[in-house]
Each structure stands twice: as C-alpha cells, then as structure tokens.
Amino acid sequence: MNTDFKDVMSKRTDEDLIKIVTVDRDGYQPLAIEAAEQEIKNRNIDTTKIEQVKVDLTDKIEEQKEFDSKKVSSLTRFIHFIVDTIAFMILAMIFAFVSGLFIKPTDQGLMIIISYLMFAIGFFVYYVFMETRFQKTIGKFITKTKVVNKNGTSPDVGDIVRRTFCRLIPFDRISFLFTANGFHDRLSDTTIIKDEN
C-alpha cells in the first residue's frame with residue numbers, strides 16, 4: 001500500500017506535495033502524507049519554497065471563502081426568477097405590439113409563430129443586453145446582486161450568451177433550489193454574488 005502512495009506522490013508537482021503536507025493534511029491518510037513528505041525530501045525542496053507555497057495556498061483558500069460568502073441564497077435566486085420572468089414577458093408583449101403595427105397576419109398559424117418569435121426575442125434581448133451591459137437584470141438590481149465568472153471577474157458576451165441559452169434547459173429554473181448553482185450557472189462558469197458597489 002505504501003508503495004502505491006510513493007508511486008502516486010512521485011507523479012505530483014512540488015506545489016501539490018506541499019499542499020498535501022500543509023493545508024490539505026486532514027484530507028489524506030497518514031501513509032499518503034508520509035509518502036508526500038518523503039517525496040519532498042527526495043526532491044530537496046527548499047523550506048522557503050514550502051513556506052511560500054503554504055502562504056499562497058492559504059491566501060487562495062481565504063479568498064475563496066470570502067468569495068463564497070458573497071454568493072446569494074436560493075430565495076434570492078427565486079426572486080430573480082419571478083421578477084425577471086415578468087420583465088421579459090412585458091418586453092415580449094411590447095415587441096409583439098410593435099410588430100403588430102407593421103405585420104398584419106391573417107393566418108392563425110403565422111400569428112402563433114410570430115408570437116413565439118417575439119417571446120424568444122424578448123427573452124434573449126432582456127437577458128443578454130442586461131447581463132452584458134450591467135451584469136444585472138431587473139431582479140438583480142432589486143436584490144443588489146450581479147453575475148460574475150467563477151473567479152469573480154466580469155463575464156464576457158460569450159459567457160452571457162451561453163448562460164442565456166442554458167436557461168432553456170428543462171428544469172433549469174428550479175435547479176438552483178437543489179444545487180449551489182443552477183444549470184445555467186454551472187454550464188457557463190458563472191455565479192451570482194452580492195454587489196458591494
């Protein structure tokens with residue numbers, strides 16, 4: 001068994017080994033830690049490097065904890081869902097009304113197609129424009145939150161478009177009730193945090 005740990009640890013990077021014997025120590029078996037410590041000795045890794053990597057890792061862990069503390073609750077996400085659904089439905093109705101001034105279809109089937117088209121345009125214009133321009137929708141303005149990438153940076157247009165398309169996945173709207181991030185967050189590598197500005 002110890003031979004297996006030695007083999008595994010010999011394939012790890014210096015940073016991985018240091019992480020195992022310092023900040024992640026509680027997550028490993030004693031034999032694995034022993035094998036990692038032996039590999040560090042075999043590689044003659046300088047103690048100053050070990051201390052620097054340990055400090056860097058601890059800082060990253062603290063930054064992640066701080067970032068995670070800014071994430072919003074499922075209740076807040078539910079408020080976004082209600083407010084934003086109402087907002088984009090109003091926008092779709094405005095599009096339908098304006099298009100009705102210019103397009104006068106007599107065929108019932110064509111009317112249904114135009115209605116669905118206006119609904120889709122309202123949906124995409126609302127989410128893509130609002131989240132690209134402001135990092136917020138009306139629901140997020142109300143709750144003082146914003147959309148960011150998983151690393152805390154502002155998402156680009158591609159992230160927002162992917163996020164918007166993912167909202168069309170069945171059951172996406174309720175997925176955030178069962179996971180920390182809903183499908184459209186997880187698949188677009190985004191999340192919602194409190195906006196402290």
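Which of the helices in the chain, when you take each full DSSP H run, stretch at least 30 Å along the axis at their Cα atoms and have an average Kyte-Doolittle score of 0.0 or higher?
Working: long enough: 47-69 (33 Å, -1.13); 74-102 (42 Å, 1.85).
Qualifying helices: 74-102.
Rg and Dmax of the stretch 77-160, Cα atoms, in Å?
15.5, 52
Distance check, please: which entries in K60/K144; K65/K144; K6/K70; K11/K65 exceed 31 angstrom between their Cα atoms?
Values: K60/K144 26 Å; K65/K144 20 Å; K6/K70 40 Å; K11/K65 29 Å.
Cα-Cα > 31 Å for K6/K70; rest within.
Taking the alpha-carbon distance from K194 and a cut-off under 14 Å, which aspartates and glutamates remain once sequence neighbours fewer than 8 residues away in the same chain are dropped?
Output for K194: E66, D68.
log10 I(q)/I(0), Debye, Cα-only the chain, no solvent, q = 0.15, 0.18, 0.19 Å⁻¹?
Evaluating at q = 0.15, 0.18, 0.19 Å⁻¹ gives log10 I(q)/I(0) of -0.93, -1.10, -1.16.
Can you give me the three principal axis dimensions of the stretch 2-69 from its C-alpha atoms, in Å, biggest first?
If we take the Cα atoms of the stretch 2-69, the spans are 41, 24, 17 Å.
What is the gain in length, in nm to one decimal, between F171 and Q52 on full extension, counting 0.36 nm per residue of separation less the C-alpha to C-alpha distance?
Details: separation 119, 0.36 × 119 = 42.84 nm, distance 4.53 nm.
So the extension gain works out to 38.3 nm.
Near A92, within a Cβ-to-Cβ distance under 15 Å, what is the net charge of the other residues, with Lys and Arg +1 and Asp and Glu -1? Write out the running numbers ahead of the final one.
Working: positive: R167; negative: D84.
Neighbour charge sum, excluding A92 itself: 0.
Can you give the charge dipole size of the chain about its Cα centre, rounded to the nearest 20 debye, using +1 on the beta carbon of Lys and Arg and -1 on the beta carbon of Asp and Glu?
Using Cβ point charges on Lys, Arg, Asp and Glu, the chain gives about 880 debye.
Each value in this text was obtained by applying a stated rule to the coordinates, not by laboratory testing. In this text the structure is predicted, and so the values were computed from the model without any measurement. Because the Cβ atoms are built from the backbone with ideal geometry, glycine has one as well, and the counts that use them run over all protein chains shown.
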